[in-house]
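Take a look at the structure set out below.
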Amino acid sequence: MNRFSKMGRSGGDMAIEYQDDGRSKRRIILVVAILLIIAALVAAALLMRGGDDAATAGGPGGEDRERAAQAVTVIVPGNSEVASTITTSGTLGARRDQNVGIAGQGGQVTRVLVDAGDWVRQGQVLATVDRSVQAQQAAQQRASLAAAQADADLAKANLDRAQQLVERGFVSKAEIDRLRSTYEAAQARVSVSRAQLNTTLAQIGQLDVRAPTAGLILDRNVEVGQVVSAGTPSLFRMARGGEMEVRAQLSQQDLAAISVGMPATITPVGSDQQFAGQVWQVSPVINPQSRQGEVRISIPYDPAIRPGGFAEVEIASGVTTAPMLPQSAVLSDANGNYVYVVNADNEVVRRDVVVGSVDDRGVTIREGISGNEQVVARAGSFLTVGQKVVPQREAAAAVRQEERGAVGEGEGEEE
């Protein structure tokens with residue numbers, strides 16, 4: 001009995017042990033399942049993060065990130081003393097454009113003595129108009145003048161004889177007064193006839209079209225056989241003294257820097273020949289619509305200058321201080337000229353600029369930068385706005401020297 005009791009107890013213990021083993025297995029399975037779930041969540045999170053990174057790398061900003069560490073050469077140009085030059089353009093024309101017409105009654109043109117491009121002197125006959133009618137009138141008036149003069153001479157002789165006889169009492173004072181009156185009337189008729197003749201001769205003189213001043217004939221608008229009158233538009237157009245000018249439009253700001261007497265250089269479009277000119281008039285008013293005013297620059301006569309053409313103008317307006325950049329730093333597009341500036345966060349920023357003079361020393365910047373910025377000196381066309389860069393400062397003079405060297409090498413290769 002004790003044995004069975006003991007055996008019974010041993011079986012119970014075994015049952016308890018079996019129950020404990022089952023519970024331990026379930027715990028292990030549960031722990032493994034929880035670990036598997038956590039691992040799956042971690043893997044999913046990592047996968048999603050990797051997808052975002054890939055999308056970011058392939059998106060619009062991915063290329064910028066790949067180039068975020070690009071090194072660029074920058075310069076701080078400061079301000080230099082440069083000759084202030086205002087560049088503009090305008091139309092060539094005669095400084096004093098004179099229209100020449102007929103001053104008399106007119107008639108049929110019989111001769112045209114000059115053509116466009118001819119140089120004429122003051123008073124020179126340019127064309128003549130038929131004067132046959134006026135010539136007959138002048139002949140008639142000469143005859144009338146001769147008759148009036150004959151009557152006056154007779155009246156004078158009669159008066160002289162009567163004055164000699166009045167002292168002897170053969171002629172009364174009343175007769176003397178009558179003869180004197182007859183003589184004075186004859187003299188008046190002589191004066192009238194002479195005035196009529198002079199009027200006709202003056203009209204004949206007006207039938208000659210003459211140059212009012214010396215100068216250059218620009219246009220000829222009359223031909224032989226044409227009937228002209230005082231109402232006919234100008235027969236000739238001429239430039240007084242051959243003087244030419246350029247009429248250029250400037251902004252209100254530029255106009256304030258211009259004064260009469262400033263030198264200018266004029267280059268007609270299509271020609272590499274330059275002419276020296278001088279500002280002779282600055283418009284006293286500003287156009288309220290365009291906010292611009294006119295500047296007129298005189299040019300001495302030269303056959304190469306053709307009125308009506310277009311010309312580039314550079315007006316030397318003194319000395320000023322402005323930033324000067326190498327030509328490689330200034331870019332342009334449809335919106336105008338611009339430069340790239342690296343800001344405090346090492347990001348590329350676009351700055352629109354107004355270019356002044358361009359010479360061997362570089363490009364003068366009139367507006368857009370102060371000179372204290374870090375300006376990208378080279379390879380600006382390969383950058384984008386907002387791109388991160390590593391700026392490497394270099395002296396502006398060194399960049400310009402390098403540019404000149406590159407140009408010299410290029411010219412040597414071409415040769």
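The values are calculated or read from the model by the stated rules, or taken from the named source; none is laboratory data. Computed from a predicted model, the values in this text were never measured in an experiment. With ideal geometry, Cβ positions are generated from the backbone for all residues, glycine too; neighbour counts draw on all protein chains shown. In case anyone asks, the SASA skips ligands and DNA or RNA and just uses the protein heavy atoms, side chains included. Shrake-Rupley method; radii C 1.70, N 1.55, O 1.52, S 1.80 Å.
Whether a residue is assigned to a strand (DSSP E or B), out of contact with any Asp or Glu (no Cβ under 8 Å at 6 or more places or on another chain), charged (D, E, K, R) and open to solvent by 40 Å² or more (accessible area, probe 1.4 Å) was assessed, and Glu245 does not pass this test.
Within the stretch 316-356, restricting attention to residues that are hydroxyl-bearing (Ser, Thr, Tyr) and in contact (Cβ under 8 Å) with a residue 12 or more places away in the chain, the residue that is farthest from Gln274 (Cα to Cα) is Tyr340. Meeting the requirement of 2 or more residues that are open to solvent by less than 30 Å² (accessible area, probe 1.4 Å) and either at pLDDT 70 or above or of a type in the set (Lys, Arg) (or both), the strands (runs of 3 or more DSSP E) wholly within the stretch 29-130 are 70-75, 80-94, 107-112, 125-129.
Looking for something within 32 Å of the chain's Cα centre (by Cα), modelled with pLDDT of 85 or more and closer than 19 Å to Ala322 by Cβ - is there at least one such residue anywhere in the stretch 377-394? Among the residues of the stretch 377-394, at least one is within 32 Å of the chain's Cα centre (by Cα), modelled with pLDDT of 85 or more and closer than 19 Å to Ala322 by Cβ, which makes the answer yes. Out of Arg306, Arg291, one residue alone is open to solvent by 20 Å² or more (accessible area, probe 1.4 Å) and touching a helix residue (DSSP H, G or I) at 6+ places or on another chain (Cβ under 8 Å). It is Arg291. With the structure loaded, tell me whether Asp254 is of a type in the set (Asp, Glu) and outside any loop (DSSP other than H, G, I, E, B) or whether it fails that test. Yes: the conditions hold for Asp254. Suppose we keep only residues that are in a helix (DSSP H, G or I) and of a type in the set (Lys, Arg) within the stretch 156-184. Which one would you say is surrounded by the fewest Cβ atoms within 10 Å (Cβ to Cβ)? The qualifying residue surrounded by the fewest Cβ atoms within 10 Å (Cβ to Cβ) is Lys173.
Candidates Val313, Val279: the one that is open to solvent by less than 60 Å² (accessible area, probe 1.4 Å), without any contact (Cβ under 8 Å) to a residue 60 or more places away in the chain and of a type outside the set (D, E, K, R) is Val279.
Among the residues here, Ala257 does not qualify as in contact with a Ser or Thr (Cβ under 7 Å, 6 or more places away or on another chain), touching a residue at least 60 places away in the same chain (Cβ under 8 Å) and surrounded by 15 or more Cβ atoms within 10 Å (Cβ to Cβ). Scan the stretch 191-201 and give yes if some residue there is open to solvent by 20 Å² or more (accessible area, probe 1.4 Å), touching a Lys or Arg at 6+ places or on another chain (Cβ under 7 Å), at pLDDT 90 or above and on the phi < 0 side of the Ramachandran plot, otherwise no. Checking the stretch 191-201: not a single residue is open to solvent by 20 Å² or more (accessible area, probe 1.4 Å), touching a Lys or Arg at 6+ places or on another chain (Cβ under 7 Å), at pLDDT 90 or above and on the phi < 0 side of the Ramachandran plot. Can you find even one residue in the stretch 346-354 that is of a type in the set (A, V, I, L, M), open to solvent by 40 Å² or more (accessible area, probe 1.4 Å) and under 17 Å from the mean Cα position of the chain (by Cα)? Yes, that holds for at least one residue. Out of Thr320, Thr265, one residue alone is hydroxyl-bearing (Ser, Thr, Tyr), over 30 Å from Gln392 (Cα atoms) and surrounded by 13 or more Cβ atoms within 10 Å (Cβ to Cβ). It is Thr265. Evaluating Ala138 against the criteria (1) part of a helix (DSSP H, G or I); (2) open to solvent by 20 Å² or more (accessible area, probe 1.4 Å) leaves one unmet condition, (2).
Taking the criterion of being of a type in the set (S, T, N, Q) and under 30 Å from Gln105 (Cα atoms), the residues of the stretch 213-265 that qualify are Thr213, Asn221, Gln226, Ser229, Thr232, Ser234. Taken residue by residue, the stretch 221-229 has at least one member that is open to solvent by less than 70 Å² (accessible area, probe 1.4 Å), more than 27 Å from Tyr301 (Cα to Cα) and of a type in the set (A, V, I, L, M). Of all residue pairs spaced 6 or more apart or on separate chains, those with beta-carbon atoms under 8 Å, a first member in the stretch 370-385 that is open to solvent by 30 Å² or more (accessible area, probe 1.4 Å) and a second member that is assigned to a helix (DSSP H, G or I) are Arg378/Ser328; Arg378/Ala329; Arg378/Val399; Thr384/Asp64.
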